[in-house]
Amino acid sequence: MPTYDQEDGLEFGVLFVSGIAHQRPGSALSALSGALYGWLLRWNCRTSLCPGSSPALSEAVLSPGASADGEPAHLSLAVPLPLSSGRQDAHWLLAESSWPVLFDAPRFLDLARWIWKVSTCLLVMQFVIPLRRNLRQVRTKPDGPAKRSRLGHIAAVVCYAILMCIAGMLSVLLSILLFALAVAAKLPIPRIELAVRWVVVKISSVLGDSYVLAHCPVQFAAMRTKVEHDLRWLQERCGKVAIVAHSQGAAIAHQVLKDGGYGPGLRTFITLGQGIGKMHLLWHMDWDPKVHRVTWWSRLLVTIGMACAGFPALAVLASPHFRWPIFTVPAALPWSITLIISGLLVVTTGVVLAARAVKTEVEQDVRLPAACSQFRWIDYYASADPVPNGPLSAQPAGNHGCMEPSPCNEVYDFRSLLTDHNGYLRNQDEMLSRLLNDLVVAAYGGQPSPGQHKPLLVGKDDLAAASCRRRSRIAWLVRARLLILALGIMQFFFLPVRSFEGPVRRLVRTIIPHTQMSDDLVRLVVALTLVAVVYLVVLLLWHLWDGRAMLRFLRTTPHCGKPDDSQTETAEPASQTAEAKEVAAIGRQ
């Protein structure tokens, strides 16, 4: 196996620490290198920099651990980069630190116990935090074009309040489903056991990775050791190193940096959809003896509140089959609204108790010890990503000799709770362009000084314009979702279903024989089918539009020439404010 050193020209290394979604070793490296390769290929193919301007991948090893030193999956990337400071022949070493191989899927009963202890609070906090963030924007007094954005924040507050009510009502049904799966896991049937394990892994990829990091300190220590070993392997071969971490991989890499497990060559720590704050919140709720009593009361209140808010949904489903007062009374309109509101108030009380108890400790745990002056921590979070759920911290960086992410950048992937978390690398015009700019600054930026310019690959004005165009496309997608939802509701309540009744009944009977469907159930099936078909068509058209827009950006955006004043190296908060002004100015145009 070849040995990489400075004589080979690999002056810069990138370590990618992924989340649990990439179960197979080497898959995370393939995803990152494939995204960077495709972006650089389209960026360079329209220029005549030199005969070999296309990026080249070589010496790829995607099966880690085959050699004696247990080297990680890695490959070499060579590409000429037209930077604002001049042409640069880049030779980078991309490596992956794969920790999911150390992940042991928890038993379903243990995971269900953890869901009762912690995730009920997180379920509501997923909506409480953005609701409060939008509510603060509503309370500000806008003037001029900002009044239109205020209406958007009001609509967001209403939507998050509705989602929080739905989450409370569905909590009881979710608990029953988890209990049924836990019972099914005990049955000695291979297919059921495999199906239940698949469900456990899927839940773990959303919530369970936080559970493993917070609840299993032995596995967390093994994961940190693996990331530290891979980082040291990369630093021995490259003079400068950057870490790009996603999801709970960011929490592991953050703890490695907090423990001092890195050398002087580390330049940048970039987090995408990080789960750092959530992991520390869970750890304190599970292990910190100082907040044990408060978290116990918080869990009790959240459980009682969820039961009250979700019981009307259970009563509506059970009342046609069981004419018992315990189901018929909560299903009535006055009592159901009273139970839902009371339950949400109790849940909010429990969440506030837990948040106040661990807020100070979590803010202290997030901060990194101050490193060298060239080290930067940059955070990216998608607008609807439920894992980071907004910026990492609102506290100013540099307090008490510590470091926090500066800046925390909001990007727009797809504005979806289901796809935003794993959609960062598919956001080529906004996210990948910023990521490559950050890597270029880490590789060739050098010691910053007041009059020094950043070597950039994409100009800041072009990035601001691309960000505004992407937000406009996302806004059209959100409007289409709302219109399709309204169409489904109208179909259920107003449109006749006589022409669909016969085919729907025959279709259901072929799947479940001897099934009798009511008219309301037929309407619901027809409405859901119509919504699904129309949404798939709209989603296909939007992705075609988005793909053409990204290709246009990569083919028409001019390469950086002379650096202008907007690219001058300044303090991060000031640059972040200037960039926000640029985005606002382009949006007004």
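The sole residue among 36, 32 that is in contact with a helix residue (DSSP H, G or I) (Cβ under 8 Å, 6 or more places away or on another chain), surrounded by 14 or more Cβ atoms within 10 Å (Cβ to Cβ) and either part of a loop (DSSP other than H, G, I, E, B) or at pLDDT 70 or above (or both) is 36. Condition check for residue 27 on (1) surrounded by fewer than 18 Cβ atoms within 10 Å (Cβ to Cβ); (2) at pLDDT 90 or above: one failure, at (2).
When region 233-265 is filtered for residues that are of a type in the set (Lys, Arg) and modelled with pLDDT under 90, the ones remaining, listed by number, are 237, 258. Beta carbons closer than 8 Å, at least 6 apart along the sequence or on distinct chains, never pair a first residue in region 528-550 that is farther than 18 Å from residue 413 by Cα with a second that is modelled with pLDDT of 95 or more and in a helix (DSSP H, G or I). When we screen 429, 438, 420, 462 for residues that are among the acidic types (Asp, Glu), at negative phi, crowded, with 18+ Cβ neighbours inside 10 Å and in a loop (DSSP other than H, G, I, E, B), the only hit is 420.
Elements of the type helices (runs of 4 or more DSSP H) sitting completely within region 71-186 and holding at least 2 residues that are modelled with pLDDT of 65 or more: these cover 120-139, 146-184. Residue 345 falls short on exactly one of the conditions (1) more than 16 Å from residue 298 (Cα to Cα); (2) modelled with pLDDT of 80 or more; (3) over 26 Å from the mean Cα position of the chain (by Cα), and that condition is (1).
Table: residues versus (1) surrounded by 14 or more Cβ atoms within 10 Å (Cβ to Cβ); (2) touching a helix residue (DSSP H, G or I) at 6+ places or on another chain (Cβ under 6 Å); (3) at pLDDT below 75.
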{"position": "313", "(1), (2), (3)": "yes, yes, yes"}
{"position": "319", "(1), (2), (3)": "yes, yes, yes"}
{"position": "331", "(1), (2), (3)": "yes, yes, yes"}
{"position": "337", "(1), (2), (3)": "no, no, no"}
{"position": "354", "(1), (2), (3)": "yes, yes, no"}
{"position": "362", "(1), (2), (3)": "yes, yes, no"}
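Among the residues making up region 283-311, those that are among the charged types (D, E, K, R) and at pLDDT 80 or above are 290, 293.
Here 258, 278 are screened, and the one residue that is of a type in the set (Lys, Arg), within 26 Å of residue 357 (Cβ to Cβ) and buried (at least 21 other Cβ atoms within 10 Å of the Cβ) is 278.
The values are calculated or read from the model by the stated rules, or taken from the named source; none is laboratory data. If you're wondering where the values come from, they're calculated on a predicted model, not measured in any experiment. With ideal geometry, Cβ positions are generated from the backbone for all residues, glycine too; neighbour counts draw on all protein chains shown.
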